[in-house]
1. Each residue of the range 42-48 in order: what ³J(HN,Hα) in whole Hz does its phi give by Karplus 6.51 cos²θ - 1.76 cosθ + 1.60, θ = phi - 60°, with x for Gly and Pro?
2. Quick one: which of Lys77/Lys182; Lys113/Lys186; Lys24/Lys44 span more than 20 angstrom between C-alpha atoms?
3. Seen from all sides and averaged, what is the projected area of the convex hull of the Cα atoms in the range 81-142, in nm²?
4. Name the long-range amide H neighbours of Val43: under 5 Å, sequence gap of 5 or more, or other chain; modelled H, no Pro or chain starts.
5. Report, please, the projected area of the range 2-209 averaged over directions, based on the convex hull of its C-alpha atoms, in nm².
6. Using Cβ counts within 10 Å as a stand-in for footprinting exposure, how do Lys28, Lys182 rank, fewest first?
7. Given the range 2-209, what percent of its DSSP beta bridges are antiparallel, to the nearest 5?
8. Considering only the range 88-210, what is the antiparallel percent among its DSSP beta bridges, to the nearest 5?
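A short reminder: the numbers here are calculations on the coordinates, not readings from a lab. Fair warning: this is a prediction, and the values are worked out from it, not measured in the lab. For neighbour counting, all protein chains shown are included, and Cβ atoms are generated from backbone atoms with ideal geometry for every residue, glycine included.
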Amino acid sequence: MNLLVIGATGPLGREIVSSALAAKHNVKALVRDPAKAGFPGTVKLAHGDVRHSGSLSEAMRGQDAVICSLGSKISFKPMTLLSDGTRNVVDAMRGAGVRRLICVTGIGAGDSKGHGGFFYDRVIQPLILNEVYKDKTRQETVVRNSELEWTIVRPAQLVNEAAKGAEAYRVLSDLTGVTASKIARKDVAAFIVDLLVKQGHLREAVLLTY
């Protein structure tokens, strides 16, 4: 499968690239500075920026699916990078005829707000991540309103630990009574890449947590 990874140079994005290569996919990474990408030579580099739709259109050519793992710095001011960038991604996919989109947001976006545990829900999100998660919620709305074959993946707290495997984590769309804990980036990446083949959870938002 020809796969475009957006947000490829972030900690989760790099794990996604590694998992996709291990699964024998043809990986293209959208990067703002190819000189700093540091990927294996088998990864194609597309010079672009989600804020500029023209570069996305070029990167999208010939792709079968897109994984969007955009991240952002903490902001205490209103921001629209994630939602505007994802809107440009969706538009570019539409123009190129690419249908499959997996978009990573996080625990606290949309109707997952209030499921991160007491400290996260009462301190971290409202005081530190409030503006970021407002934009992640807008980002999810952009995805949901598209006609694409989308899946929204909401990881619990991401940690740099060894993968535990699919039997160790839960994949949840019904969050009734659920409190998320944590999950390794390697497990999230493996789940996302496996989802490309299984084609499961279409037009669903799912939480991944141990």
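1. After applying 6.51 cos²θ - 1.76 cosθ + 1.60, I find 6, 8, 7, 10, 10, 6, x Hz.
2. Long pairs (Cα-Cα over 20 Å): Lys77/Lys182; Lys113/Lys186.
3. Across all orientations, the range 81-142 yields a mean hull projection of 4.2 nm².
4. Distant-sequence amide H within range of Val43: zero hits.
5. On the way: hull surface 43.4 nm².
Orientation-averaged projected area of the Cα hull: 10.9 nm².
6. Lys182, Lys28
7. Roughly 10 percent of the beta bridges in the range 2-209 run antiparallel, per DSSP.
8. Values: 3 of 16 bridges.
So the antiparallel bridges amount to about 20 percent of the total.
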